[in-house]
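To keep things clear, I will list the structure first and then write my remarks on it.
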Amino acid sequence: MTPLTITSRDAATGPVLEITGDLDYTTELELRQALHKLTLDAGQLLVLDLSGLEFCDSSGISVFLAARNLAIEQGGTVALAAIPANTARMLSIVGLDRVFTIYSDASTATARTSAAG
């Protein structure tokens with residue numbers, strides 16, 4: 001098991017959370033707490049950079065949905081970036097690949113124009 005690490009940074013489009021390690025029922029609270037510390041301005045994009053995610057179970061998927069709800073409540077949006085293949089497969093199976101905006105990497109997500117995303 002790889003420890004979960006969450007690093008927050010600001011981009012011109014809004015906050016980016018870089019998530020590395022294992023996101024499961026034993027670590028999902030850490031991500032939920034990091035999300036609740038964020039404040040989005042109306043129109044900002046919250047990017048969850050999953051490039052370092054090694055494992056994600058249904059608890060992690062649930063936190064992605066919580067992030068989406070939080071962003072919407074604050075007048076923003078959320079995007080997932082650099083989703084590992086196994087997690088992308090799970091999202092596709094349950095239809096969440098049609099709910100989330102997905103980018104190949106965080107740089108692409110944060111470089112989007114106001115007409116995209």
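The values are calculated or read from the model by the stated rules, or taken from the named source; none is laboratory data. Quick caveat: nothing in here was measured; it's all calculated off a predicted structure. Positions of Cβ are backbone-derived with ideal geometry, glycine not excepted, and every protein chain shown enters the neighbour counts.
Assorted remarks:
- Within the stretch 100-110, the set of residues being of a type in the set (Gly, Ala, Ser) and in contact (Cβ under 8 Å) with a residue 40 or more places away in the chain comprises 106, 109.
- Condition broken by residue 21, with the remaining ones in (1) out of contact with any Phe, Trp or Tyr (no Cβ under 9 Å at 6 or more places or on another chain); (2) outside any helix (DSSP H, G or I); (3) not acidic (Asp, Glu) satisfied: (1)
- Residue match in the stretch 38-47 (condition: closer than 15 Å to residue 107 by Cβ and surrounded by 12 or more Cβ atoms within 10 Å (Cβ to Cβ)): yes
Let's see how each residue does on (1) at pLDDT below 95; (2) within 16 Å of residue 2 (Cβ to Cβ); (3) hydroxyl-bearing (Ser, Thr, Tyr):
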{"site": "25", "(1), (2), (3)": "no, yes, yes"}
{"site": "52", "(1), (2), (3)": "no, yes, no"}
{"site": "59", "(1), (2), (3)": "no, yes, yes"}
{"site": "88", "(1), (2), (3)": "no, no, no"}
{"site": "99", "(1), (2), (3)": "no, no, no"}
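- Matching residues in the stretch 1-36 - criterion: being basic (Lys, Arg) and either without any contact (Cβ under 8 Å) to a residue 24 or more places away in the chain or crowded, with 19+ Cβ neighbours inside 10 Å (or both): 9
- Residues in the stretch 13-28 that are among the polar types (S, T, N, Q) and more than 15 Å from residue 83 (Cβ to Cβ): 13, 26, 27.
- Residue match in the stretch 39-50 (condition: in contact with a Pro (Cβ under 8 Å, 6 or more places away or on another chain) and among the acidic types (Asp, Glu)): no
- Only one of the numbered conditions (1) under 26 Å from residue 111 (Cβ atoms); (2) at pLDDT below 95 is not met by residue 1, and that is (1).
Every residue, every condition in (1) without any contact (Cβ under 8 Å) to a residue 12 or more places away in the chain; (2) buried (at least 18 other Cβ atoms within 10 Å of the Cβ); (3) more than 17 Å from residue 22 (Cβ to Cβ); (4) not acidic (Asp, Glu), yes or no:
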| residue | (1), (2), (3), (4) |
| --- | --- |
| 76 | no, yes, yes, yes |
| 87 | no, yes, no, yes |
| 94 | no, no, yes, yes |
| 98 | yes, no, yes, yes |
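- The stretch 29-66: number of residues that are under 19 Å from residue 10 (Cα atoms) and assigned to a strand (DSSP E or B): 8
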